[in-house]
Amino acid sequence: MARTSPQALIPLACCAILAVVFAFAAVPKLIDPGSFAADLENYRVLPEHLVGHAALYLPALELAVAVALLLPNYRQGAAVLAAAMLLVFAVAMAQARVRGIDLSCGCFGAAFESKVSWWTVARSVLLAAIAAIPIFWPAGQPTRLVGTSNPSGLA
């Protein structure tokens, strides 16, 4: 009989951490999309006619990703989407820093404003790395513990 090792819980913990971060980021932006639209506009990467749409749909996508990270059938896909979003966020923040644009990151809405810095870029990259764990190491995979036999051949 295969047992789930403690290491199999690591991807689940990563998904839980990411779900909390994405939900925490989405809710304030859903409540105040106008402030988030202003933050997005300050990045100067989106055409003006797309800023309002992004301010409405991006937080909804973040919340959907947060929920999907907690659902076993959607966990890996949500982790791929989370990693991709976090890398895009990191690139957007990095280009703002390189161009000398002084702005609020908009990461957690107007209620928790913080300036874009190399720390916020690194934070997004670190979270993307955390999102990669459940992509390449699916949660709940039973592992055969060293020293145990498995005569049935089933893992």
task: Could you list 48, 62 in order of exposure, starting from the residue whose Cβ has the fewest other Cβ atoms within 10 Å?
output: 48, 62
task: Can you give me the three principal axis dimensions of segment 7-136 from its C-alpha atoms, in Å, biggest first?
output: 42, 28, 24
field: Sites residue 53 and residue 10, calculated FRET efficiency, Cβ-Cβ separation with R0 30 Å, nearest 0.05
entry: 0.25
field: Magnitude of the charge dipole, segment 7-136, Cβ model with Lys/Arg +1 and Asp/Glu -1, debye to 20
entry: 320 debye
- request: For residue 17, put the label point 7 Å out on the Cα→Cβ axis and report which residues of segment 114-135 keep their amide N under 18 Å from it.
  value: 119-135
task: Find which of 92, 24, 129 sits farthest along the positive direction of the dipole of segment 7-136, computed with +1 on the beta-carbon of Lys and Arg, -1 on that of Asp and Glu, about the Cα centre.
output: 129
task: Please identify every one of the trypsin sites (Lys or Arg not before Pro) in segment 3-75 that sits in a loop by DSSP and has no more than 14 other beta carbons within 10 Å of its own beta carbon.
output: 44
field: Stretchable slack from residue 70 to residue 102, in nm (0.36 nm times residue separation minus alpha-carbon distance)
entry: 8.0 nm
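Bear in mind that the values in this text are calculations on the coordinates, not laboratory data. Nothing here was measured: the structure is a model prediction, and the numbers come from that model. Neighbour counts are summed over all protein chains in view; Cβ atoms, including those assigned to glycine, are modelled from backbone coordinates with ideal geometry.
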